[in-house]
Every structure is written in C-alpha cells, then in structure tokens.
1. For residue 27, enumerate residues with amide H under 5 Å from its amide H, sequence gap 5+ or separate chain, H modeled in the peptide plane.
2. Which FRET efficiency, nearest 0.05, do residue 76 and residue 54 yield, Cβ-Cβ r, R0 25 Å?
3. Report the residues of region 1-35 in range of a label on residue 69: point 7 Å along Cα→C-beta, backbone N strictly under 16 Å from it.
4. Place the peptides 60-71, 15-26 in order of packing, highest mean first, counting for every residue the other Cβ atoms within 10 Å and averaging per peptide.
5. Given the DSSP H assignment, sum -39500 (n - 2.57) over each helix run of at least 4 residues in the chain and divide by its residue total; what's the result at 222 nm in deg cm²/dmol, nearest 500?
6. For the chain, what mean projected area does the convex hull of the alpha carbons give, in nm²?
Amino acid sequence: MDIGWTNGFFESMQRHKAVVDGLSVHFYTDFRNKPERVATFDAKGWYDVLREGARIETVIEGHWAAMGKFDMNEILRLSYVQTWTV
C-alpha cells in the first residue's frame, strides 16, 4: 500500500500545468513465494487468496485519503485494478 508514491505523485504534479483528474491504484496479491499453486488449491489456499483480496478496501481508503489532501476542488476520481499472481 504505497501511500508515499501517491503523495509524491500529487506533490510533484502541483508544479505542473497539466491537471490530474484521477488515479488508478493497482493492487497485486503475490503468491509466487508461497506453497499455493492455482492448479492444486485446496480450501485453505482459496481462503488465503480471498483474505489478501479483502485488504483492497483498506488500500483504496488509504489512497483516497492521500488524494484528498491535494483535491481541494473535489475533482479527482479513483479506480483500482486487483491482480493475483500464483
């Protein structure tokens, strides 16, 4: 949840003439270094994936709050992409 990147991006964009009207947050759930494999997932493996995915709400709220500090005119929009790597 790299809020520092979002803060840095919007801080640097304040010095530019271009207007930023949105941000797309990408959230990657990486299971490559874990024993789960998509072809052999059991119930525990699927619950691990779902548990990681459930964190997306916290990620979105964190980035939305960071964006709000730079969005005095309330024009910014947020989208997100969630990807699982197994």
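1. It is 81, 82, 83, by chain and number.
2. Values: r = 25 Å, r/R0 = 0.99.
Efficiency, from the Cβ-Cβ distance: 0.50.
3. Label zone hits: 1-15.
4. Details: 60-71: 15.4, 15-26: 10.5.
Result, highest mean Cβ count within 10 Å first: 60-71, 15-26.
5. On the way: 3 runs with 35 residues, N = 86.
Computed ellipticity for the chain at 222 nm equals -12500 deg cm²/dmol.
6. Details: hull surface 25.5 nm².
With the hull built on Cα positions only, its mean projection is 6.4 nm².
Just so you know, all these numbers are worked out from the coordinates, no wet-lab data involved. Note that the coordinates shown come from a computational prediction; the quantities given were computed from them, not determined experimentally. Glycine also receives a Cβ, built like all others from the backbone with ideal geometry; neighbour counts cover every protein chain displayed.
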